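Readers should treat all values here as calculations from the given coordinates under stated rules, not as data from a laboratory. Because the structure is predicted, anything quoted here is derived from the model rather than measured. Methodologically, a virtual Cβ is constructed for each residue, glycine included, from the backbone with ideal geometry; neighbour enumeration extends over all protein chains shown.
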Amino acid sequence: MAVANEETVLSRRFEKVNTVLEKYGRNPLNLIQVLQEVQAEYRYLPEEILTYVATALGISPSFVYGVATFYAQFSLEPKGKHIIRVCDGTACHVRGSMKVLEVVREQLGLRGEDITTPDLLFTVETVACIGACALAPALMVDEEVYGQMDQEKIENLIEEMIEKEKGGDQ
Amino acid sequence: MPFTTKAALESHIEQLKKRPQGSRIFVCCGLGCLAKNSRKVYERFVELVKEGHFQVQVDTLEEERSNPAPTGCMGLCEAGPLVMIEPQGILYLRVKPEDAEKIMERTLGKGEVIEDLVYTENRGEEVQRWPLMKDVPFYRKQEKIVLRNCGCIDPESLDEYLEQDGYLALAQAVTGMTPDEVIGMITKSGLRGRGGGGFPTGRKWQFARVVKSDRKYVICNADEGDPGAFMDRSVAEGDPHSVLEGIALAGYAIGAREGYIYVRAEYPLAVRRLKKAIQDAQDAGFLGTHIMGSGFSFDVKVKEGAGAFVCGEETALIASIEGKRGMPNPRPPFPAHRGLFGKPTIINNVETLANVPAIIHRGAEWFRGFGTLNSPGTKTFALSGRIENTGLAEVPMGITLRELVFEVGGGIQGGKQFKAVQIGGPSGGCLTEQHLDLTVDYDSLCSAGAIMGSGGLVVLDVDTCIVELARFFMSFTQDESCGKCVPCREGTKHMLKILQNIVDGRSKLDEMALLEEAAQVVKDASLCGLGKTAPNPVLTTLQYFKDEYIAHVLDKVCPAHVCVSMKEYLIDPEKCKACGKCARVCPVDCIAGRPKVPYVIDQEKCIKCGSCFEVCPFDAVMVDWRKRSDEQQSA
Ligand SMILES: Cc1cc2nc3c(=O)[nH]c(=O)nc-3n(C[C@H](O)[C@H](O)[C@H](O)COP(=O)(O)O)c2cc1C
Ligand code: SF4
Ligand code: SF4
Ligand code: FES
Ligand code: FES
């Protein structure tokens, strides 16, 4: 049972990858776009998918792996459902971005090197500039930008998100 | 219906201009304002219009002008959400959704200005208000060429771009100018690359023009990697057609049929806007085959980056478009000879390209009327950091740094003391008080050890630690070094380690010499611009702020009170009631004490986490910044 289940899950996985591959004409020149869309689907790039993509595009797995590890946008580890990107660009840095990061992590109970919460709901990263420098310190939750963050705003924002997630489960 | 002749376009533009010019509401939906809820403000206006609170002008043309219109960044992001009312040009700041009704009734209905919402300066007793955008100090010294439409058109409407004489330059060029004439005009205008290097654009195009090849490419660099800059994003989001028109003109000039726009991964809205603009331009015949009935055909594609600063470098960017790791390659061969897919390619920055249609349309002489002899035109800056008016400003070249920071920028936040400006991002440098009268142009900034860069300008006040900032940049470049060449890969690591030691209070004086030495090696021996310029922030700060380095290294003092290692937590024996709370929370067990005897912190072990400070119910724990020996004496 369990095995069969896993297989259906896998084939479904590849089905989506196939759609993406078709969309980009199975052209290796579009490797980055393919990986971007695959990652948007799975929230990370599982190893077997990298190999699958390599075979489908007729390029070596090590080339695909090289590209996937080169760009900061790609992750080989599962990420949270929501990605919080705390900006640590210059403008945010001089307006206290490190404090923002500290508060965000504390609110989510992240310790040490952890960047993702155990329930896989949130991943916290830093990013160099999201183009909202005028509103430093800024952060981004998924595609939404929040500016002029302070302790209170962060606490409210995160409480709200957790609330929403919990509400959605029930 | 595509335009097939220049005359058809001209008559359409004429019709557009004849539309009744009634009152119109522009709501800034640039990123800064969006982050301050401007979408809600916009929606509120839409609701009110729908409810019939306000008669929208009905156009005779098919496409109605949107009213209210959502626009790109208007510039003064600090005071967003911004709303501008035409035809008067009234600018309202910090507008809330609930202000919408008031604005409709009073300003649109009765032509009144709402004083509470306009730019206000308090000079002691005197209160000065500036209701019109053009009078607000932030805008007064600006000249808008690149940002000519940004904030005053709906970026998703092609007609609005056309109404501002959009695509006339392209029509003019493809129907009435030879490619050499186009290049000649750009050369004569003196336009220099706005992506940082300042290379003459006309000359770059000429290189690619003369190479014979079956295919050539134009790439628009919208990677905007400088972590403190958002000019290119604002143009791409606020006026995407100006960028497209510039790319098409470049394509015509060098003989290319295809163009790419390489956009940074973090800019999803820019990607959407550019894609829509491409679609609309194709439908209208400004892209595609036989543009304006001429022999020129041209297509543009958008490619998204995936998060690597080095991909802003030309050869790395090309590798990235080809689906590879974005690592730089040695030049020559230059992309103009062998670029994308091995074909002649020119790469220009967004801002450079947005200048092009304006130059072709209005002439080289007109362009030379702005700026200086060697740096004609304007430059957009992203003003940020400890400055009052953070936002986007376009100023004529040759303006002084003082004017830019204190007049356009409104001076330092909270009236604090100015310390430095960081210009040019991780490749640039810090300039100080003594440089404030320097003019902003390629040559004078270079002579001071900084660079124009792409336009990031971060203002620092006395609360910013210069050494920590140098460490910040080094950690950025170290992280972004692609690792291809040793001087950059290893040299930046080495420099970062020394800088880390300095801010951690663990360095010795001889390390400063090592730092300078390493900087020189990285600068001289690295393959690409990333490595070659990475030491600039360190070198300029070492030159202009040596004292501050020495304070950190010799006295273990951070004059700006930033570097945590140089801060001490002390327990005031007078206030300590020996409750022991601090000792219980200290994660490293470095607070000792007994009942009735004041507790004491072991400074050697303390990791400055601040827990004791937070928890003490009697405010007995104090933060103390070490003082320099000379300060202690004078105190
Ligand atoms: C590490 C590195 C990053 C760069 N990043 C950018 C960038 O984000 N945007 C840009 O326009 N130019 C960037 N450049 C400069 C480009 O390589 C190139 O010179 C520029 O796009 C040319 O356009 P221009 O002549 O119109 O300025 C970067 C250069 C280096 C070395
Ligand atoms: S200088 Fe740095 S970024 Fe440039 S090629 Fe060398 S290692 Fe890569
Ligand atoms: S600052 Fe932290 S480590 Fe230092 S004494 Fe207080 S609780 Fe202990
Ligand atoms: S530095 Fe944070 S948004 Fe630009
Ligand atoms: S985003 Fe509205 S003024 Fe910049």
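Say the cut-off is 25 Å between C-alpha atoms; which of B:K96/B:K276; B:K556/B:K605; B:K493/B:K627; B:K141/B:K416; B:K204/B:K493; A:K153/B:K96 go over it? Can you show the working numbers first?
Values: B:K96/B:K276 29 Å; B:K556/B:K605 16 Å; B:K493/B:K627 30 Å; B:K141/B:K416 23 Å; B:K204/B:K493 35 Å; A:K153/B:K96 18 Å.
Violating the 25 Å limit, Cα to Cα: B:K96/B:K276; B:K493/B:K627; B:K204/B:K493.
Tell me which GluC sites (Glu not before Pro) from segment B:511-602 have a DSSP coil assignment and no more than 15 other beta carbons within 10 Å of their own.
Values: sites: B:E511, B:E516, B:E517, B:E548, B:E568, B:E574; in loops: B:E574.
Counting only loop positions with at most 15 other Cβ atoms within 10 Å, the GluC sites (Glu not before Pro) in segment B:511-602 are B:E574.
Of all beta bridges DSSP finds with both residues in segment A:82-166, what is the antiparallel percent, to the nearest 5?
Numbers: 7 of 13 bridges.
In segment A:82-166, DSSP labels about 55 percent of beta bridges as antiparallel.
Could you pull out every Cys in chain A that lacks a partner Cys with its beta carbon under 4.7 Å away?
A:C129, A:C133
Could you check the simple spin-label distance between B:K188 and B:D299, using points 7 Å along Cα→Cβ, in nm with one decimal?
3.5
I need the shape label for chain B. Rule: rounded when a/c is under 1.5, else prolate if a/b > b/c, else oblate, with a, b, c from the alpha carbon gyration tensor.
Taking the square roots of the gyration eigenvalues as a ≥ b ≥ c, chain B is oblate.
What is the spin-label model distance, in nm, from A:K153 to B:L373 if the labels are put 7 Å beyond Cα along the C-beta direction?
Using points 7 Å along Cα→Cβ, the separation is 4.7 nm.
Per residue and in cubic angstrom, what volume does the convex hull of the Cα atoms of segment A:31-75 have? Before the final figure, lay out the partial values.
On the way: hull volume 2.6 nm³, N = 45.
Convex hull of Cα atoms, per residue: 59 Å³.
For B:C446 paired with B:W366, estimate the spin-label separation in nm (one decimal), with each label point 7 Å from Cα along the Cα-to-Cβ line.
2.9
In peptide B:380-386, how many Cβ atoms from other protein chains are near each Cβ within 10 Å, on average? Walk me through the intermediate numbers first.
On the way: counts 0, 0, 5, 3, 12, 9, 4.
Mean shielding count: 5.
Taking only DSSP H segments of four or more residues, each worth -39500 (n - 2.57), what value at 222 nm results for the protein assembly as shown once the sum is divided by all its residues, to the nearest 500 deg cm²/dmol? Could the numbers behind the result be given before it?
Working: 31 runs with 314 residues, N = 805.
The helix contribution divided over the protein assembly as shown gives -11500 deg cm²/dmol.
Only Cα pairs under 8 Å and at least 6 apart count here; give the relative contact order of chain B as a rounded whole percent.
Numbers: 1317 pairs, mean separation 71.2, N = 635.
That works out to 11 percent.
Return the average number of partner chain Cβ atoms within 10 angstrom of each residue Cβ along peptide B:161-172. All intermediate terms of the calculation are to be shown ahead of the outcome.
On the way: counts 0, 0, 0, 0, 0, 0, 0, 0, 0, 0, 0, 0.
Counting other chains' Cβ atoms within 10 Å and averaging over B:161-172 gives 0.
Just the Kirkwood number for segment B:481-635, please: inverse of mean 1/r across all distinct Cα pairs, in Å, one decimal. Show your work: numbers first, answer last.
Details: mean 1/r = 0.0555 Å⁻¹.
Here the Kirkwood hydrodynamic radius works out to 18.0 Å.
Need the C-alpha centroid separation for segment A:122-146 versus segment B:411-439, integer Å.
25
Report the paramagnetic label zone for A:K23: residues of segment A:53-77 whose backbone N is under 16 Å from a point 7 Å from Cα along the Cα-to-Cβ axis.
A:53
Work the Kirkwood hydrodynamic radius out for segment A:82-166: mean of 1/r over every pair of different alpha-carbon atoms, inverted, in Å. Walk me through the numbers on the way to the answer.
Details: mean 1/r = 0.0793 Å⁻¹.
Kirkwood radius, segment A:82-166: 12.6 Å.
Please give the direction-averaged projected area of the C-alpha convex hull for segment B:419-488, in square nanometres with one decimal. Working shown, then result.
Working: hull surface 21.5 nm².
Taking the Cα atoms of segment B:419-488, their convex hull projects to 5.4 nm² on average.
Need one number: the % of Cα-Cα pairs in segment B:381-498 sitting beyond the 23 Å mark. Walk me through the numbers before you get to the answer.
Numbers: 2239 of 6903 pairs.
Of all Cα-Cα pairs in segment B:381-498, 32 percent lie more than 23 Å apart.
Please list the three semi-axes, largest first and in whole Å, of the ellipsoid equivalent to segment B:233-383, using sqrt of 5 times the eigenvalues of its alpha carbon gyration tensor. List each step's numbers first, then the result.
Values: eigenvalues 110, 81, 63 Å².
Each semi-axis is the square root of five times an eigenvalue, giving 23, 20, 18 Å.
Just the projected area, averaged over all directions, of the convex hull on the alpha carbon atoms of segment B:466-555: how many nm²? Could the numbers behind the result be given before it?
On the way: hull surface 19.2 nm².
Mean projected area for segment B:466-555: 4.8 nm², to one decimal.
Please compute, for the alpha-carbon atoms of segment B:18-136, the extent along each of the three principal axes and give them in descending order in Å.
Taking max minus min along each principal axis of the Cα atoms, segment B:18-136 gives 52, 30, 26 Å.
Which three extents, in whole angstrom, do the alpha-carbon atoms of segment A:18-132 cover along their principal axes, largest first?
So the three principal-axis extents are 47, 31, 23 Å.
Calculate how many DSSP beta bridges within the protein assembly as shown are antiparallel, expressed in % of all such bridges and rounded to the nearest 5.
Details: 48 of 78 bridges.
Once the DSSP bridges in the protein assembly as shown are tallied, antiparallel ones form about 60 percent.
Once a ≥ b ≥ c are taken as the square roots of the eigenvalues of the Cα gyration tensor of segment B:93-239, is the result rounded (a/c under 1.5), prolate (a/b larger than b/c) or oblate (a/b not larger than b/c)? Working shown, then result.
Numbers: a/c = 2.76, a/b = 2.15, b/c = 1.28.
Judged from the Cα gyration tensor, segment B:93-239 comes out prolate (a/c at least 1.5, a/b above b/c).
Per residue of A:92-102, what is the mean number of Cβ atoms on other protein chains within 10 angstrom of that residue's Cβ?
Details: counts 5, 11, 16, 7, 0, 1, 2, 0, 0, 0, 0.
Mean shielding by partner chains, rounded to a whole number: 4.
Over segment B:158-368, what is the relative contact order in whole percent, taking alpha-carbon pairs under 8 Å and six or more residues apart? Don't jump to the answer; show the numbers that get you there.
Working: 396 pairs, mean separation 64.5, N = 211.
Over segment B:158-368, the number comes to 31 percent.
Which value in Å is the Kirkwood Rh of the protein assembly as shown over different Cα pairs?
Values: mean 1/r = 0.0351 Å⁻¹.
It works out to 28.5 Å.
What is the extension gain from B:A525 to B:Q21, computed as 0.36 nm multiplied by their sequence separation minus the C-alpha to C-alpha distance, in nm to one decimal?
Working: separation 504, 0.36 × 504 = 181.44 nm, distance 5.98 nm.
Once the chain is fully extended between B:A525 and B:Q21, it gains 175.5 nm.
Can you give the FRET efficiency to the nearest 0.05 for B:F334 and B:L570, using r as the Cβ-Cβ distance and R₀ = 45 Å? The partial results should precede the final answer.
Numbers: r = 61 Å, r/R0 = 1.35.
Step by step, r from the Cβ atoms, then E = 0.15.
Hey, with R₀ at 22 Å, roughly what FRET efficiency would A:A40 and B:R39 work out to, going by the Cβ-Cβ distance, to 0.05? Intermediate values should be presented prior to the final figure.
Numbers: r = 23 Å, r/R0 = 1.06.
My answer for the efficiency is 0.40.
Ranking B:V467, B:V521 by Cβ neighbours within 10 Å, fewest first, what do you get?
On the way: B:V467 25, B:V521 18.
Least crowded to most crowded, the residues run B:V521, B:V467.
Assuming 0.36 nm per residue, please report the length gained on full extension of the stretch B:F618 to B:V585 beyond their Cα-Cα distance.
On the way: separation 33, 0.36 × 33 = 11.88 nm, distance 1.53 nm.
Here the segment from B:F618 to B:V585 would lengthen by 10.4 nm.
For q = 0.28, 0.29 Å⁻¹, what log10 I(q)/I(0) does segment B:288-340 give under the Debye formula with an equal point scatterer on each alpha carbon and no solvent?
Summing over Cα pairs of segment B:288-340 leads to -1.02, -1.06.
Using Cα pairs under 8 angstrom and six or more residues apart, how large is the relative contact order of segment B:466-555, in percent?
Working: 100 pairs, mean separation 33.6, N = 90.
About 37 percent, as a whole number.
Need one word for segment B:112-164: rounded, prolate or oblate. Basis is the Cα gyration tensor (sqrt eigenvalues a ≥ b ≥ c); a/c below 1.5 gives rounded, then a/b vs b/c decides. Show your work: numbers first, answer last.
Numbers: a/c = 4.40, a/b = 2.20, b/c = 2.00.
Taking the square roots of the gyration eigenvalues as a ≥ b ≥ c, segment B:112-164 is prolate.
Mind listing the phi-derived Karplus ³J(HN,Hα) values for segment B:457-470, rounded to whole Hz, using 6.51, -1.76 and 1.60 with θ = phi - 60°, and x for any glycine or proline?
Per residue, the Karplus-derived 3J(HN,Hα) values read 9, 9, 8, 10, 10, 5, 8, 9, 8, 5, 5, 5, 5, 4 Hz.
What percentage of all Cα-Cα pairs in segment B:567-634 are separated by more than 16 Å?
Numbers: 974 of 2278 pairs.
For segment B:567-634, the share of Cα pairs beyond 16 Å comes to 43 percent.
Between B:D510 and A:E102, take the C-beta separation as r, use R0 = 60 Å, and let me know the FRET efficiency to the nearest 0.05.
On the way: r = 34 Å, r/R0 = 0.56.
Rounded to the nearest 0.05, the efficiency is 0.95.
Rounded to two decimal places and with Rh computed the Kirkwood way over Cα pairs, what is Rg over Rh for segment B:185-245?
Values: Rg = 13.7 Å, Rh = 13.5 Å.
Checking Rg against Rh, the ratio lands at 1.01.
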